[in-house]
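The values are calculated or read from the model by the stated rules, or taken from the named source; none is laboratory data. Since the structure is predicted, the reported quantities are computational estimates derived from the model, not experimental observations. We place every Cβ from the backbone using ideal geometry, glycine too, and count neighbours over all the protein chains shown.
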């Protein structure tokens, strides 16, 4: 059975160029590299990543996402899935379309504004995109 390891990543940056030297990136790189000691390397590494910038803008986010993906390709070129903020937003919209708010995916009852959603119910359908 294929396994997955999920490492949530939070990166606070002043500008995309700071990514490779940021504390969050250094820690992420170290965590990913430490997985090399595992004797069973048949797993997917899933990295949901969130960026924090002083001024959020789409251009800034696109550059940071690309820089993060490039860094991760150096650490673990195969078997790594990165969920960037734009992809997570698309996933949230897809999930709400197949299972609207107030349904079985929610973990709060009643749902709180901005609540976390737990995606544990099997669903049919395709997530668009690729990567």
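Selection of the stretch 29-41 for residues being over 10 Å from residue 76 (Cα atoms) and either without any contact (Cβ under 8 Å) to a residue 24 or more places away in the chain or more than 20 Å from the chain's Cα centre (by Cα) (or both) yields 30, 34, 37, 38, 39, 40, 41. Do we have residue 95 as modelled with pLDDT of 55 or more, surrounded by 13 or more Cβ atoms within 10 Å (Cβ to Cβ), at negative phi and over 15 Å from the mean Cα position of the chain (by Cα) here? Criteria met by residue 95.
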